[in-house]
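Accompanying notes for the structure given below.
The values are calculated or read from the model by the stated rules, or taken from the named source; none is laboratory data. Here the structure is a predicted model, which is why all the values come from computation and not from measurement. Virtual Cβ from ideal backbone geometry, glycine too; neighbours counted across all protein chains shown.
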Amino acid sequence: MAPEVRSRKIKNSKFLEPKKSKNTVCNKEWTKSITDETSKAVIPVASYFQADVPDWNDQIRKNYSDESKWLRSVVWQPSYATRTIVEEEGNTIGKGRPDSCLCTFPGSTECVKLHVRIKHNQLRSDLGPAYYKWRFYEMGEVGRRKSWDFDERKTINALARTCNMKSKHTSFLDLVSVHFPAKCWKNVVSYYFNVYVPRRISTKIRSGALEVDSDED
């Protein structure tokens with residue numbers, strides 16, 4: 001017969017607690033040290049801790065010929081004609097476009113796309129070769145859509161609808177990565193931020209949502 005095992009109650013509850021390792025204690029001390037505002041590191045201020053920056057004499061040493069690419073290298077410079085047009089039309093940064101336009105349905109999706117396309121073409125005309133050197137053609141919804149064919153975009157739109165119907169914890173990026181394993185992560189993330197997120201925000205705004213969180217995914 002198996003021996004009878006009787007359970008005994010331990011009066012002292014400290015025996016029930018797991019033993020704390022040295023690493024746990026160190027981690028707590030480290031966390032406390034970075035969160036405690038009273039224990040801030042002292043910034044040393046003395047001649048020994050200062051950088052020695054020589055005076056600029058407008059001359060470049062021969063052994064620093066590679067640095068010439070950072071000096072006096074103009075990639076794009078606005079012409080006088082461009083500056084005049086901007087000043088006359090009042091196209092200043094941050095002004096935005098007028099609230100009303102001549103579109104059939106002002107404020108609609110097609111209206112916004114039209115104005116974005118107009119400004120995109122204007123930017124390409126103003127920058128000239130710098131537009132391609134700075135790879136502006138890869139930016140925005142138009143640039144990202146070119147790297148995905150029609151069937152792929154159709155699948156992505158279906159995944160987006162699936163993601164919206166499911167829990168908010170469902171990640172759109174994870175769904176796309178599973179269905180398109182051959183696509184590099186750069187293209188997936190770029191499509192997410194340049195196409196999916198702006199479309200989702202615009203949809204929520206048009207639906208009358210009072211608060212729109214672009215980071216809820």
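Considering Tyr132, Tyr137, the condition of being surrounded by fewer than 14 Cβ atoms within 10 Å (Cβ to Cβ), of a type in the set (Phe, Trp, Tyr) and either under 18 Å from Tyr191 (Cα atoms) or in the same structural domain as Ser177 (by TED's automatic domain parsing) (or both) is satisfied by Tyr137 alone. For beta carbons closer than 6 Å, sequence separation of 6+ or different chains, a first residue in the stretch 197-217 that is farther than 19 Å from Asn157 by Cβ and a second that is surrounded by 14 or more Cβ atoms within 10 Å (Cβ to Cβ) and modelled with pLDDT of 70 or more, the qualifying pairs are Val212/Ile201; Val212/Lys204.
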